[in-house]
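One structure is given here, and the rest of the page talks about it.
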Amino acid sequence: MAEIHGGQIAARQLRAAGIDTVFGVVAGPMIELFAGAQEAGLHVVGCRHEINGGFMAQAWGYQKKKAGVLIVGSGPALTNAITPLYVATASALPLVVLGGSAFGGTLGLGAFQELDQLALAKPACKWTGQVDATARIAEWIHLALGKAVEGRPGGVYLDFPGHLVGKRVPEEQVTLRSAPEVTRAFPDPDAIARTADLLESAERPLVLVGKGAAWADAGPALAKLVDLGIPYVTSPMARGTLPDDHPSFANAARSQALAGADVIVMFGGRFNWIFGLGRRFASGAKIVQVDVEAEEAFSGATLTTAIVADAAIAAEQLGAALAGRKLRSAGSSWLAGLRAAAAKNEAGAEKALADDSIPIQPYRLVNEVKAALPRDAIVIEEGETIMGICRAMLPSYRSRGRLNAGTTGCMGVGAPYAVGAKLACPEAPVVAVLGDYAFGAAAMCVETAQRVGAHPVFVVANNEGIAGHMIQDHMLPPGSPRIAALLPARYDKLAEMVDGFAAHVERPEQIRPALEQALAADRVAVVHVRIDPKAVRLGGSNYLQ
Ligand SMILES: Cc1ncc(C[n+]2csc(CCOP(=O)(O)OP(=O)(O)O)c2C)c(N)n1
């Protein structure tokens, strides 16, 4: 009777669920899982740190609309995976961590890497489980993959007690599970009819778009709504769900839009700090929220109605309900006023965008990236100063094509997100504009990227520190040792280290050719741009808004 070990069972279930790529750092007691995955023909991406692997996996999963899978060993390997689990859950990205833990039979005695891994993972996860028998591994993986992607996506941890991993069981005892068809949540027709009436009679309607709408691929359905002349504002990562050159796109007049609207319909986003905790609206404004989770109805925003539904289906039905009706706001000055405000806000940065100075000003760098950016690019931005400027200035035209520090503002996500996204979408140009701190926090991803044949372009905006020298010079004691300012290191050397494409840029006119060569290089690319350490973003911090 043929016997198979736990790693082979896991790999077969992953394969059956349509997972062809997994991420991880090879470690005990999970070596059999890596071996099983390779034997089953999965692409196993060996990462340089579990935190990077967890971010790669969640970006891969977000692009593929599947669970991103990270395999880690016990003890410190698992603690390293807690941050990506927390980020995945907070940012609603699909991640499954399969973590080995110490062998049963020795627990309590100081076993190697002994740790209550489930307890540690729990607050960072939407679901946790622990394998209780080798023959049930397929079933546990089936559960974990489903929990990560259904409802609101998030982080899931499945613990593998070490002694169950290498154990062999007769093949007949193993049953692979197949995923059920999960229908998408349809909205209450009555609530849709009432929301359509609200939008029809609104003087200043506004649509808000969150990452749930991107996950639901709601762009075409949302277009039917905003094409009626309704302005819309997106969360930073929902950019591109509708192309940013849509005439109703109002992110550049976001404050005016939020404060001025009298009817707001939110699709797939949460009223957390990213939308001002739901407190930025005019008093008396009517707010309808469409979300797959009913509990989201209770937040800082005072809702008129919460519609529990898939964002694409709700948008489609709302569009159908409004077809042929004339909105009261049509032809009014509401959309035109926001467009004018957006143009004025954008004009405020015009001089900075064209600045010829040396050292290079960050707005000029971002303007050059914008000019070189292919329309189908996946764009990633990270840092404090540079992320804020990219968010304001770089467009997105592709659904799920925008990734950044997200709900948790976590630094160190940008480089691994770029690798994970590139592995999921090899045909897409992937451009990650990262601060020097942000890039440095995950810089070994350059080696991983080159080794696994994922070739993003990393643009390192080097202003020599955390928010350049701003914090060091103005917020820390004068003359104190440098803790926020960093050395003017040559990060392009990291690309040279692995025979990637490296460019070092100090003058504005060198930026575009370097970017164009990097995009065409077919190797991992680091375009290192020295920018003014004293330069700040117009308009203040990303996190204190
Ligand atoms: C994991 C984590 N640690 C620390 C911070 C605090 N923090 C916010 S922005 C930032 C770095 C910004 O510097 P850089 O990436 O060089 O971009 P710049 O602001 O200089 O453009 C840090 C450390 C954080 N957000 N996340």
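Table for the structure above
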read-out: Semi-axis lengths (Å, descending) of the ellipsoid that matches the C-alpha gyration tensor of the range 234-387; value: 32, 19, 17
read-out: Alpha-carbon centroid distance for the pair the range 400-458 / the range 8-26, whole angstrom; value: 22
read-out: Separation of the Asp188 and Glu39 label points, Cα + 7 Å toward Cβ, nm; value: 5.3
read-out: Per residue, the convex hull volume that the Cα atoms of the range 402-514 enclose (Å³); value: 122
read-out: Gain on full stretching of the segment that runs from Ser201 to Met497 - 0.36 nm per residue minus C-alpha separation; value: 100.4 nm
read-out: From the C-alpha gyration tensor of the range 158-254, square roots of 5λ in Å; value: 45, 19, 11
read-out: Given Lys344/Lys422; Lys147/Lys286; Lys211/Lys286, the pairs whose alpha carbons are separated by over 27 Å; value: Lys344/Lys422; Lys147/Lys286
read-out: Per-peptide average of other Cβ atoms within 10 Å, ordering 428-438, 228-238, 518-528, 270-280 highest first; value: 428-438, 228-238, 518-528, 270-280
read-out: Cβ charges +1 (Lys, Arg) and -1 (Asp, Glu), total dipole of the chain, debye; value: 820
read-out: Alpha carbon convex hull of the range 62-194, projected area averaged over orientations, nm²; value: 10.3
read-out: Relative contact order for the range 151-284, counting Cα pairs under 8 Å that sit 6 or more residues apart, in percent; value: 27
read-out: Descending principal axes extents, the chain, alpha-carbon based, whole Å; value: 76, 61, 45
read-out: Spatially proximal aspartates and glutamates relative to Lys66 (Cα-Cα < 15 Å; intrachain offsets below 8 disregarded); value: Asp20, Glu150, Glu181, Asp217
read-out: Alpha carbon Rg of the range 487-544, scaled by the compact-globule rule 2.2 N^0.38 Å; value: 1.35
read-out: Gyration tensor (Cα) of the range 306-423, equivalent ellipsoid semi-axes in angstrom; value: 32, 23, 13
read-out: Dipole magnitude of the range 173-219, debye to nearest 20 (Cβ charges: Lys/Arg +1, Asp/Glu -1, about Cα centre); value: 320
read-out: From phi via Karplus (6.51, -1.76, 1.60), per-residue ³J(HN,Hα) for the range 305-314 in Hz, x at Gly/Pro; value: 8, 10, 9, 7, 6, 5, 4, 5, 5, 4
read-out: Rounded Å value of the spacing that divides the Cα centres of the range 282-308 and the range 208-258; value: 18
read-out: Charge sum, other residues only, whose C-beta stays under 12 Å from Thr385's C-beta, Lys/Arg counted +1 and Asp/Glu -1; value: -3
read-out: Cα Rg over Rh - the range 412-460, Kirkwood; value: 0.93
read-out: Beta bridge orientation in the chain: antiparallel %, DSSP, nearest 5; value: 5
read-out: Reachable lysines from Lys351, criterion Cα separation under 20 angstrom, eight or more residues apart if same chain; value: Lys370, Lys534
read-out: Carbon and sulfur %, accessible surface of the range 369-433 computed with the full protein complex present, 1.4 Å; value: 51
read-out: Cβ-placed point charges (K, R +1; D, E -1), dipole of the range 248-318 about Cα centre in debye, nearest 20; value: 420
read-out: Most to least packed among 327-336, 84-93 [average Cβ atoms within 10 Å]; value: 84-93, 327-336
read-out: Spatially proximal aspartates and glutamates relative to Lys224 (Cα-Cα < 15 Å; intrachain offsets below 8 disregarded); value: Glu200, Glu316
read-out: Label zone at Ser332 (point 7 Å along Cα-to-Cβ), backbone N below 13 Å, the range 286-312; value: 286
read-out: Stretchable slack from Ala520 to Leu107, in nm (0.36 nm times residue separation minus alpha-carbon distance); value: 143.3 nm
read-out: Heavy-atom surface of the chain, accessible at 1.4 Å and reported per residue (Å²); value: 38
read-out: Helix-derived mean residue ellipticity, 222 nm - over the chain, DSSP H n ≥ 4, -39500 (n - 2.57), to 500; value: -11000 deg cm²/dmol
read-out: Alpha carbon convex hull of the range 245-331, projected area averaged over orientations, nm²; value: 6.3
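The values are calculated or read from the model by the stated rules, or taken from the named source; none is laboratory data. As the structure is a prediction and not an experimental result, all values here were calculated from the model. Glycine gets a Cβ as well: all are built from the backbone with ideal geometry, and neighbour counts include every protein chain shown. Accessible surface is based on the protein model in full, side chains and every heavy atom, while ligands, DNA and RNA are left aside. Shrake-Rupley method; radii C 1.70, N 1.55, O 1.52, S 1.80 Å.
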